[in-house]
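Asks: Pasting a structure below so you can have a look.
The values are calculated or read from the model by the stated rules, or taken from the named source; none is laboratory data. What you see is a predicted model; the values in this text were computed from it and never measured. A quick note on method: Cβ atoms are made from the backbone with ideal geometry, for glycine too, and the neighbour counts reach across all protein chains shown. Heads up: the accessible areas ignore ligands, DNA and RNA and are worked out on the full protein's heavy atoms, side chains in. Shrake-Rupley method; radii C 1.70, N 1.55, O 1.52, S 1.80 Å.
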Amino acid sequence: RSQAEARYNELRAALNSSNAQDRLVPMLGGQLVVDLNIERNELLRRISELEERYGEKHPRMIAARAELAQVERDLKTQIEKGVEAARQELGVARAAESKVRALVEAQQEQIRARSGKAFQLSQLEREVESNRALVEVFFARSREADIQDSNNISNVRIIDRARVPRAPSGPN
C-alpha cells in the first residue's frame, strides 16, 4: 500500500507541475505514452523547422500545429489514464491492507482465546491431579484402617449368653 500510495502521490505532484508531461512520461513508462511523447517531440522539431521556412498562417504550419494539439490531447488522456490506474491500484492496495489487518486481528483473537483456554486447561489438570492425590491418600488410609481392624480380631467366641445369677456364687 505504501508503495502504491507513494507512486500515486508522486504522479499527482508531477501532474500539477509546470512541465507535467515531461515529468510523467518516464514515470508512467507505457509504450503508448512513450510513442506519443516521441511523436510530440518530432512535431515540435518539425514546427520549429516550418517556422523558419514558412509563416504562422501557412497551411503546413496550421496542419502541424493541429497535429501537435491532437498528439498533446492524446498524451494528456494517456497520462490521466495512468494516474487513474495508479489511483485504482492504491484503492486495491488499501482494500488488501484492511483485509490483511482484519485477518491479523482475527488470528490474534484466536490466539488470545486459545491461550485463555490453555490456561483454563492447565488449571483443570492441576485440580485433577490434586483430587487424584487426595483420593489415593483416602484409599491408603482406608486400607490401613482395614488392616488394623483385621489385626485386632481375637480368637474369642461367645458360647453362652451371660445370665444374671440368682444367688451368690460363693462365701462372703
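Asks: Restricting to segment 1-35, name every residue that is at pLDDT 75 or above and under 19 Å from residue 71 (Cα atoms).
Replies: Within segment 1-35, just 35 meets the criteria.
Asks: Taking into account only those residues within segment 53-62 that are open to solvent by 60 Å² or more (accessible area, probe 1.4 Å) and part of a helix (DSSP H, G or I), which is farthest from residue 8 (Cα to Cα)?
Replies: Among them, the one singled out is 53.
Asks: When both residues are 6+ apart or on different chains and their Cβ atoms are under 6 Å apart, which pairs have a first residue that lies in segment 69-98 and is surrounded by 12 or more Cβ atoms within 10 Å (Cβ to Cβ), and a second that is part of a helix (DSSP H, G or I) and of a type in the set (Gly, Ala, Ser)?
Replies: Within 6 Å, the pairs are 89/4; 90/4; 93/4.
Asks: State whether one or more residues within segment 153-160 are among the basic types (Lys, Arg), under 44 Å from the mean Cα position of the chain (by Cα) and either outside any helix (DSSP H, G or I) or at pLDDT 90 or above (or both). Show your work before the answer.
Replies: Kept after step one, since they are among the basic types (Lys, Arg), are these residues of segment 153-160: 157.
Then drop every residue that is not under 44 Å from the mean Cα position of the chain (by Cα), which leaves none.
Looking through segment 153-160, none of the residues is among the basic types (Lys, Arg), under 44 Å from the mean Cα position of the chain (by Cα) and either outside any helix (DSSP H, G or I) or at pLDDT 90 or above (or both).
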